[in-house]
DNA sequence: GCTCCAATTTGAACGTGTTCAAGTATCGAC
DNA sequence: GTCGATACTTGAACACGTTCAAATTGGAGC
C-alpha cells in the first residue's frame, strides 16, 4: 500500500534489486512497442533487442508476455487515480463526481485504445491472475472500488442507507461496464463511450435518488438482498 | 458473400463437400480434447493425431485453433435454443420464461465450464470475429436476441410500450452478464450462478412491471433515450 | 478406362513464446 | 584482495500455432 521501491508485480518482489533499471527499461520498451505495433505484433525478441538485452533477461523480470500487460494495467490504474483526484477535490455533486471519475478513466486509457483491446483479452481469462475478478487482483480491485467509495463519500447526494454500503461496488461494476464498452467502441475517438457516460451518469444519479422513494423501497431491499446472497 | 463451395466458417457450410466428414471428425475430436484437457493444453498436433489426419488438414477446414472454439460456441447456442424451446412452450409468465431460458443456457454450458473459461478469453478479443459484439457475429447474436423477443412475446406481463422494443436487447445483455458471471463462478457446480439467476429474475420482473408507474415514467424515458443515442 | 481439374491431404519448415543450463557481475565478509 | 554467494544475463533449444508447396484423391466428361 505504501510507496515502496517495489516496482515488480502486485504481489511482492525484489526488495531493492540491482536490476531495477533493467526492469524498467524492458517495461518501458515493451509498452512503447505495444502502442506502436500492437500487442500481437510485438515479439519478445523485438522487445529484448530494442531494450538491448537478451530475450531470457526479459523473462527474468516478467514471467510472461502477459505479465508485461498486467504491469501496464496496474500503472494505468494508478494514473486513473491520479487523474481522478482533482475531480474529486473540485466537484461535490454526486453526478459530477461520478462522471468525472469515469471520464478520467477513459482519458487515461485513450492513448492505448487499440492495444487495450488485446490486453482486455488477457484480462478476460478467468484463470489469469490479471482478471479483474480474480482473487489475485483483490488488492488493485479494492483500490479501484475505493475510488467509488470516495465518489460517494464526498458527494452531497442522499442515498438509501441500506443501499449505501453496496453502492461503491455497484458503481465499480458500472465502471467495468464502461471500460468494456470502450474496448469495443470503434467510433472515432471513442465518442460513443463519452455519450454513454454522459447519458448513464444522470440515469444512475436519478436511480440512486429514487432508491429512497417509498414505492421503490422493496426493490432496493431486493437488490441488497441479492447482493448479500451472492457474497455468501 | 454468396454461397461458394467454401466449407469454412460458421456462417455457410459446405453444401455437400466431400470432406464434410473429415471436418466433423476434426471438430468432434477437438471439442472432446478441449473438454478433457482444456484449451491451452490441447495442441493442434494432438487434435490432428487423435483424429487421424495431418495437422495441415485441420487448417484446411479451420483457419485457426480459435475457429474451433467459435464453432463450438455456435453449436452451444443452437443447443441453448433447443433447450429453451420446451420452457417457452410450457411457461407463460414472464419471470418463469426468463428464468427458464437463463437456466437452460447454463445447463447447456455446464459440461464445458472449465474449458469455457478459455473460450471466453478468445471471445473477448474485440477484433476477433468471435466477439459477441462484433459485426461478424451479428447473425448469431440476432438469433440470440430473438430468443428474448420470444420470452417477452409469449409472456403475460404488461410492459411500458416505449420500453418494450428495447427490452429484448436489454435482456440479452443481462444474459451476457449471467454468462460472464458463470465463467468466473468457481463455486462447486456453479451454484452461485443459479442463485444469481433466481435472484435477478424476480428483480427484473419487478422493474419491468414498475416501468409503467407514473413516478418511473421519466426514468424509463431516460433509459430509452440513452439507448437510442447509443444506437446513433 | 482415361484425362483432367478441383478438392483434399500431407508434413516439413517457419515464427514466436518460453525454458534452462551455463555463464558473468556485484557485493559483503574476511 | 580474495572468496563465496547471490543477483543478474545470456543465447541456444524446445513446443506449439501456422503456412505452404507438393502430392494424392475422387469424380465429371469423354
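List the number of the failed condition for residue B:162; all other conditions in (1) assigned to a loop (DSSP other than H, G, I, E, B); (2) at pLDDT below 90 hold.
(2)
Quick one: in segment B:101-133, which of the residues that are farther than 20 Å from residue B:82 by Cβ, assigned to a helix (DSSP H, G or I) and within 10 Å of chain A (Cβ to nearest Cβ) is modelled with the highest pLDDT?
Within segment B:101-133, the match that is modelled with the highest pLDDT is B:114.
Would you point out which residue out of A:67, A:75 is surrounded by 18 or more Cβ atoms within 10 Å (Cβ to Cβ) and either within 8 Å of DNA strand C (Cβ to nearest atom) or farther than 15 Å from residue A:120 by Cβ (or both)?
When all the criteria are applied, what remains is A:67.
Among (1) in the same structural domain as residue A:119 (by TED's automatic domain parsing); (2) in contact with a helix residue (DSSP H, G or I) (Cβ under 7 Å, 6 or more places away or on another chain), which single condition is residue A:82 missing?
That leaves (2) as the condition not met.
Please pick out the residue among B:215, B:208, B:224, B:219 that is surrounded by fewer than 14 Cβ atoms within 10 Å (Cβ to Cβ), in the same structural domain as residue B:133 (by TED's automatic domain parsing), within 22 Å of residue A:211 (Cα to Cα) and more than 17 Å from the chain's Cα centre (by Cα).
B:215 is the lone residue from the list that is surrounded by fewer than 14 Cβ atoms within 10 Å (Cβ to Cβ), in the same structural domain as residue B:133 (by TED's automatic domain parsing), within 22 Å of residue A:211 (Cα to Cα) and more than 17 Å from the chain's Cα centre (by Cα).
Within segment B:78-91, identify whether any single residue is within 16 Å of DNA strand C (Cβ to nearest atom), modelled with pLDDT of 95 or more and over 29 Å from residue B:138 (Cβ atoms), and answer yes or no.
no
How many residues does segment A:23-43 contain that are near DNA strand C (Cβ under 10 Å from one of its atoms), crowded, with 17+ Cβ neighbours inside 10 Å and away from chain B (no Cβ under 14 Å)?
Counting residues in segment A:23-43 that are near DNA strand C (Cβ under 10 Å from one of its atoms), crowded, with 17+ Cβ neighbours inside 10 Å and away from chain B (no Cβ under 14 Å) gives 1.
Would you say residue A:190 is part of a helix (DSSP H, G or I), in contact (Cβ under 8 Å) with a residue 12 or more places away in the chain and surrounded by 14 or more Cβ atoms within 10 Å (Cβ to Cβ)?
On the way: part of a helix (DSSP H, G or I): yes; in contact (Cβ under 8 Å) with a residue 12 or more places away in the chain: yes; surrounded by 14 or more Cβ atoms within 10 Å (Cβ to Cβ): yes.
Yes, satisfied.
Filter segment B:44-71 for residues that are away from chain A (no Cβ under 14 Å), at pLDDT below 95 and more than 10 Å from DNA strand D (Cβ to nearest atom) and give the result.
Result: B:70, B:71.
From the list A:183, A:179, pick out the single residue that is in a helix (DSSP H, G or I), within 8 Å of chain B (Cβ to nearest Cβ) and buried (at least 17 other Cβ atoms within 10 Å of the Cβ).
Within the list A:183, A:179, the selection yields A:183.
What's the number of the condition residue A:217 fails, among (1) free of Cβ contacts under 8 Å to residues at least 40 places away in the same chain; (2) more than 9 Å from chain B (Cβ to nearest Cβ); (3) out of contact with any helix residue (DSSP H, G or I) (no Cβ under 8 Å at 6 or more places or on another chain)?
Failed condition: (1).
Could you tell me whether segment B:195-212 includes any residue that is in a loop (DSSP other than H, G, I, E, B) and at the interface with chain A (Cβ under 10 Å from one of its Cβ atoms)?
No, that holds for no residue.
How about segment B:44-64: which of its residues are surrounded by 15 or more Cβ atoms within 10 Å (Cβ to Cβ) and either within 10 Å of DNA strand C (Cβ to nearest atom) or within 26 Å of residue B:141 (Cα to Cα) (or both)?
Scanning segment B:44-64 gives B:44, B:48, B:51, B:53, B:57, B:58, B:59, B:60, B:61, B:62.
The values are calculated or read from the model by the stated rules, or taken from the named source; none is laboratory data. In this text, all values refer to a predicted model and were calculated from it rather than measured experimentally. Glycine gets a Cβ as well: all are built from the backbone with ideal geometry, and neighbour counts include every protein chain shown.
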